[in-house]
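Undergrad: Pasting in a structure now, in structure tokens, and then I'll have a few things to ask.
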Amino acid sequence: AARRFAHAGLAGSRGAVRAGRTNVVLRAPVVDSVQQHRSFSSGDEWVMDVPPLGDSITKGEVVEWVKAVGDYVAEDEELCTMETDKVTFPVRAATAGEIVEIFVPVDTEVRVGEPLVKFKKAEAPAGGAPAKAPESETPAPAKAEAPKAEAPKKEAAPKAAAPEKKAAPKAEAPKAPAASAGSSPGFSSARLEKRVKLSPMRRKIAERLVEGQSTAALLTTFNEVDMSNLMNLRNKYKDQFEKVHGVKLGFMSAFVAAATAALQEIPAVNAVIDDKEIVYREYTDISIAVSSPRGLVVPVLRDTQNMTFKDIEATIGDLGARARNDSITMEEMAGGTFTITNGGVFGSLFATPMLNMPQSAILGMHGIKERPVTVNGQIVSRPMMYIALTYDHRLIDGRESVTFLKSIKEKVEDPQRLLLGL
């Protein structure tokens with residue numbers, strides 16, 4: 001099946017998404033007269049709508065306005081910051097002008113195509129400074145003179161109020177030791193609470209978790225992997241690998257390669273249910289769960305069937321770093337046919353991963369622990385990892401799921417199988 005990662009048909013839309021940032025295309029000065037709040041009073045004013053926010057994303061939330069009413073905005077200058085359920089990104093102006101009206105306040109959800117901000121034609125201020133900067137500098141001297149005249153009066157007031165201000169801290173002083181004496185740092189003896197608004201991303205995560213539970217028939221199968229051979233391989237070649245390829249050799253490349261091969265062996269795990277049909281993908285796009293400051297994100301490795309260990313490590317390193325810096329794009333998180341999550345980086349020993357809808361399966365990696373195992377009739381200590389596969393039982397049978405996970409186990413335990421295609 002053909003795949004489209006670019007948004008076709010956006011040439012005539014009010015906005016377009018470019019790699020790495022969102023470029024907002026201003027609407028042409030001809031609109032439907034019915035849309036009164038978007039109509040133009042003259043050719044010198046125009047309204048910019050909320051641009052397309054990415055594949056299947058229909059709404060977002062304005063989290064910050066960088067510019068205000070009356071500010072002059074240069075071409076390609078940032079207007080505001082928007083957040084969707086996947087990413088935070090800046091919205092930029094494609095044409096210079098002065099802001100006349102802002103339609104969407106901070107912390108307000110808005111849909112694609114709705115009015116965002118109104119502009120009018122204006123000349124750029126001298127020196128390229130914002131239009132409001134000279135205005136704020138003009139009254140500044142007057143404000144500076146007023147305190148000078150009132151300086152003596154203000155000095156007298158603090159003297160009278162000084163005992164009262166000092167008395168308040170003295171009254172609260174006993175509370176400080178009580179807080180420090182508590183067993184939980186950062187908690188005080190007072191029973192306080194605070195409310196924080198759920199971000200669009202956290203709300204979407206919650207929706208998808210509930211969707212996975214209510215839509216799919218979830219089942220999890222487990223296995224364990226002896227990491228001895230892979231660890232020996234890594235220890236033997238990691239320095240040379242980094243010197244030649246410029247990236248570090250980790251364990252993720254082996255698991256991604258093993259999962260890619262297993263997905264080709266068991267096509268049902270790489271498939272998805274679409275209404276009354278099953279869509280079998282003849283490519284593998286593997287989502288890698290990464291923890292970011294805003295929550296869990298899942299950037300996608302495209303066409304892993306064509307990737308080498310070096311390609312996998314380099315791409316994971318780049319996507320992971322940009323996800324943690326909150327600079328990853330929506331296109332890089334769209335799609336995916338299978339997900340791998342590694343709870344072992346946080347010390348997890350055993351868990352059941354949650355399905356990343358609408359995918360049909362997810363592989364969970366865990367911590368590597370030395371455990372006694374039986375090898376050729378002898379009890380020996382080996383570095384072992386539990387692995388788990390959560391899958392949609394509507395599409396994937398038990399035989400297929402167990403065979404799939406066993407294939408990953410065998411390939412990781414004997415990495416030479418990956419070279420021989422076994």
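Undergrad: Please work out which one of (1) modelled with pLDDT under 95; (2) open to solvent by 70 Å² or more (accessible area, probe 1.4 Å) is the condition TYR280 fails and give its number.
TA: The number of the failed condition is (1).
Undergrad: I would also like to ask the following. Would you confirm whether or not region 265-274 contains a residue that is assigned to a helix (DSSP H, G or I), under 21 Å from LYS409 (Cβ atoms) and open to solvent by 60 Å² or more (accessible area, probe 1.4 Å)?
TA: yes
Undergrad: Residues in region 229-264 that are in a helix (DSSP H, G or I) and either of a type in the set (Val, Ile, Thr) or open to solvent by less than 20 Å² (accessible area, probe 1.4 Å) (or both): how many?
TA: The qualifying residues number 11.
Undergrad: Those residues that are farther than 18 Å from TRP46 by Cβ, of a type in the set (S, T, N, Q) and surrounded by fewer than 16 Cβ atoms within 10 Å (Cβ to Cβ), I need them from region 60-111; list them, please.
TA: THR108 - this is the single residue of region 60-111 that is farther than 18 Å from TRP46 by Cβ, of a type in the set (S, T, N, Q) and surrounded by fewer than 16 Cβ atoms within 10 Å (Cβ to Cβ).
The values are calculated or read from the model by the stated rules, or taken from the named source; none is laboratory data. A quick note: this is a predicted structure, and the numbers were derived from the prediction, not measured. Neighbour counts are summed over all protein chains in view; Cβ atoms, including those assigned to glycine, are modelled from backbone coordinates with ideal geometry. The area values use the complete protein model at the heavy-atom level, side chains included, leaving out ligands, DNA and RNA. Shrake-Rupley method; radii C 1.70, N 1.55, O 1.52, S 1.80 Å.
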